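Colleague: If you scroll down you'll find the structure; I have some questions about it.
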Amino acid sequence: MVFNQQNIISIRDFNKEDIEYILRVAEKMEPIARSQESSDILSGKLLGMLFYEPSTRTRLSFEAAMKRLGGSTVGFAEAGTSSATKGENFTDTVRVVGEYTDVLVLRHNMEGTARLAAEIVDVPVINAGDGAGQHPTQTLLDLYTMKRILGRIKHLHVALVGDLKYGRTVHSLAYALAMFGTKMSFVSPPGLRMPREIMDDLNNTGVTVHETSDIKDVLSHVDVLYVTRIQKERFPDPQEYLKIKGAYTIDSELLKDSEAIVMHPLPRVDEIAHDVDNTPYGKYFQQAFYGVPVRMAILKSLIK
Ligand code: NCD
């Protein structure tokens with residue numbers, strides 16, 4: 001089996017074999033991520049991290065992954081500490097950091113920035129989220145979580161819940177699940193439905209998706225509730241956000257007749273009550289841990 005990607009920009013660049021390759025390597029990485037084994041396969045290699053938007057899990061799990069494999073990292077967690085504040089443009093920054101490092105991880109609020117970066121530098125570029133576009137490494141860890149906990153991806157019914165309009169995690173995940181032929185339901189307030197163009201792409205691959213605004217419609221027959229935060233920062237009008245905020249909350253009372261596991265890319269705000277955390281439903285912290293072995297697999301596969 002081979003991995004065919006030079007960069008990780010969009011999950012749509014992947015085929016099923018590429019995804020399965022990463023998931024298989026991630027499984028081998030788990031003992032290293034848990035500190036039960038050690039490795040120096042990326043010793044002497046340097047990861048550049050350019051985070052123009054806030055991040056906790058994505059940034060720290062990439063850093064943990066690189067260091068657990070013997071590599072190192074440089075970069076910034078806030079554009080405010082970079083020369084962007086002096087007026088340096090994005091392409092100059094990326095070009096320079098590309099010269100310093102062996103691989104770049106980039107998060108930016110504008111769609112298309114990762115693809116642009118990959119055209120400028122010679123090292124592999126990993127998209128850690130570009131605006132409301134894509135978040136492919138999150139998708140790989142989401143798929144890994146389903147496979148590890150439920151044993152499969154294909155014969156599942158997954159509900160994507162919440163902000164399907166602006167949420168990049170659900171955009172990437174929907175394309176990936178379509179590749180596996182997984183059954184999907186989309187649950188969102190009417191104003192935050194999955195963008196029409198993604199719905200059309202899914203329909204063109206022969207996937208039909210059930211859309212609803214009532215979570216109770218899906219609760220009793222899904223295997224996974226993939227819940228997302230309303231992406232406040234992407235609303236052009238703050239009044240629109242205030243109208244939709246708190247549209248739904250998943251608590252253990254609501255889940256009591258369901259067999260689904262609850263996943264969430266995190267951070268959560270108020271969409272999952274804390275009383276779900278320590279129930280057999282709540283899998284989002286385990287999911288966050290899986291970010292480390294999956295990103296180890298990604299780094300190992302890209303760095304030559
Ligand atoms: C997500 C993101 O940045 O898109 N976070 C993450 O990477 N786990 C989800 C979010 O911010 O809501």
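The values are calculated or read from the model by the stated rules, or taken from the named source; none is laboratory data. Keep in mind it's a predicted model, so treat the numbers as computed, not measured. Ideal geometry is used to build each Cβ from the backbone, glycine not excepted, and the neighbour counts take in all protein chains shown. For the accessible areas, the whole protein counts, side chains as well, though only heavy atoms, and no ligand, DNA or RNA atoms are used. Shrake-Rupley method; radii C 1.70, N 1.55, O 1.52, S 1.80 Å.
Colleague: Taking A64 as the residue in question, decide whether it is more than 21 Å from E99 (Cβ to Cβ), within 16 Å of the ligand (Cβ to nearest atom) and not assigned by TED's automatic domain parsing to the domain that holds H264.
Modeller: yes
Colleague: Follow-up. Which condition breaks for I32 when tested against (1) over 21 Å from I153 (Cα atoms); (2) more than 16 Å from the chain's Cα centre (by Cα); (3) not in a helix (DSSP H, G or I)?
Modeller: It fails just one condition, (3).
Colleague: Test I41 against the criterion of being outside any loop (DSSP other than H, G, I, E, B) and at pLDDT 95 or above, and give yes or no.
Modeller: no
Colleague: A further question follows. Can you name the number of the only condition in (1) closer than 22 Å to P265 by Cβ; (2) touching a strand residue (DSSP E or B) at 6+ places or on another chain (Cβ under 9 Å); (3) surrounded by 15 or more Cβ atoms within 10 Å (Cβ to Cβ) that G48 fails?
Modeller: (1)
Colleague: If you don't mind, another one. Look through region 250-292, keep the residues that are open to solvent by 70 Å² or more (accessible area, probe 1.4 Å), in a loop (DSSP other than H, G, I, E, B) and free of Cβ contacts under 8 Å to residues at least 24 places away in the same chain, and return whichever of them is farthest from the ligand (Cβ to nearest atom).
Modeller: K256
Colleague: What's the total number of residues in region 116-137 that are more than 12 Å from V94 (Cβ to Cβ), open to solvent by 10 Å² or more (accessible area, probe 1.4 Å) and not small (G, A, S)?
Modeller: Within region 116-137, residues that are more than 12 Å from V94 (Cβ to Cβ), open to solvent by 10 Å² or more (accessible area, probe 1.4 Å) and not small (G, A, S) number 3.
Colleague: Among the residues in region 4-13, are any part of a loop (DSSP other than H, G, I, E, B), touching a residue at least 60 places away in the same chain (Cβ under 8 Å), more than 16 Å from the ligand (Cβ to nearest atom) and out of contact with any Ser or Thr (no Cβ under 9 Å at 6 or more places or on another chain)?
Modeller: Scanning region 4-13 turns up at least one residue that is part of a loop (DSSP other than H, G, I, E, B), touching a residue at least 60 places away in the same chain (Cβ under 8 Å), more than 16 Å from the ligand (Cβ to nearest atom) and out of contact with any Ser or Thr (no Cβ under 9 Å at 6 or more places or on another chain).
Colleague: Just checking, how many residues over region 147-193 are in contact (Cβ under 8 Å) with a residue 24 or more places away in the chain, more than 19 Å from T205 (Cβ to Cβ) and not in a strand (DSSP E or B)?
Modeller: Number of matching residues: 15.
Colleague: Do we have L23 as over 23 Å from M1 (Cβ atoms) and within 21 Å of the chain's Cα centre (by Cα) here?
Modeller: So L23 does not fit the description; no.
Colleague: Report the residue count in region 149-175 for those that are aliphatic (A, V, I, L, M) and either within 15 Å of the ligand (Cβ to nearest atom) or not assigned by TED's automatic domain parsing to the domain that holds D251 (or both).
Modeller: Going through region 149-175 one residue at a time, the tally reaches 6.
Colleague: Could I ask something else about it? I'm told L46 meets every condition in (1) in contact (Cβ under 8 Å) with a residue 60 or more places away in the chain; (2) touching a Ser or Thr at 6+ places or on another chain (Cβ under 7 Å) except one. Can you identify the failing condition by its number?
Modeller: With respect to (1) in contact (Cβ under 8 Å) with a residue 60 or more places away in the chain; (2) touching a Ser or Thr at 6+ places or on another chain (Cβ under 7 Å), L46 is out only on (1).
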